[in-house]
Every structure is written in structure tokens, then in C-alpha cells.
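To keep things clear, I will list the structure first and then write my remarks on it.
The values are calculated or read from the model by the stated rules, or taken from the named source; none is laboratory data. None of these values were measured; they are calculated from a predicted model. Cβ sites come from the backbone with ideal geometry, for glycine too, and all protein chains shown count toward neighbours. Only protein heavy atoms, including side chains, enter the accessible area calculation; ligands, DNA and RNA are left aside. Shrake-Rupley method; radii C 1.70, N 1.55, O 1.52, S 1.80 Å.
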Amino acid sequence: MDIRAVSRPVKGGAEVDITVSPNSDIQLIGDINEWKKRLIVRIRSPPVDGKANREAEEFMEHITKCRSEIIRGHTSRRKTVMIYGEWEKIISSLEGTQ
């Protein structure tokens, strides 16, 4: 499945729908959940005191080299991340992890 199926261009960048899998052994951009239409993001931090959210934002920044911010789903595993930057560059960097 194409990254474009779980993301959309918006003014200033891209919104990407993700499912965060906390307490993982490794940080990893996983497959796309075709049923839920979300990119799976595995992180090490537990979902306590915003630690998982911060790590998810930092990991998306590391992958895309663009500032990232969770804009929806702060208390859920299902989140939307705003990635600030050029749409094509963001998509290209995320596709490179697949």
C-alpha cells in the first residue's frame, strides 16, 4: 500500500495517520494497516506521561528530517501527526522506510 493512502497534503506539510505501538524492542516504521488505513510506528517508550507521544514525534522527525507534531489522538494509539515541510520530500522519506 502507498504511503499516500495514510497521509494527505495540507498547508505547510502533510498529515499522516499512524498507530503507535509502545513498549517495542526497537524503533521502527512498520507496515501500513490496510484495514485501519494507518502507518504502524513502533517505539520503545511506554504510554505514560506523554513519553510515547514525544518519542513518536521525535522518531518521525528523525525519519523525515522535518518538524513533527501530534495533532490528534494524544491519549489513543491512533494518532495524526503533522509533519511540516515539502509534501513530496515527506512522502519520499516515509516510503524509504517501507
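The single condition among (1) polar (S, T, N, Q); (2) open to solvent by less than 20 Å² (accessible area, probe 1.4 Å); (3) modelled with pLDDT under 95 that Thr80 does not satisfy is (3).
Summed over region 39-98, the residues that are of a type in the set (Val, Ile, Thr) and part of a strand (DSSP E or B) give a count of 7.
The listed residues are Asp25, Asp31, and the only one of them that is touching a residue at least 24 places away in the same chain (Cβ under 8 Å), over 11 Å from the mean Cα position of the chain (by Cα) and surrounded by fewer than 15 Cβ atoms within 10 Å (Cβ to Cβ) turns out to be Asp31.
When Asp31 is tested against the conditions (1) modelled with pLDDT under 95; (2) assigned to a strand (DSSP E or B); (3) touching a helix residue (DSSP H, G or I) at 6+ places or on another chain (Cβ under 9 Å), the lone failure is (3).
The condition of being on the phi > 0 side of the Ramachandran plot and either without any contact (Cβ under 8 Å) to a residue 60 or more places away in the chain or within 13 Å of the chain's Cα centre (by Cα) (or both) holds for only one of Lys51, Lys11, Lys36, Lys65, that being Lys65.
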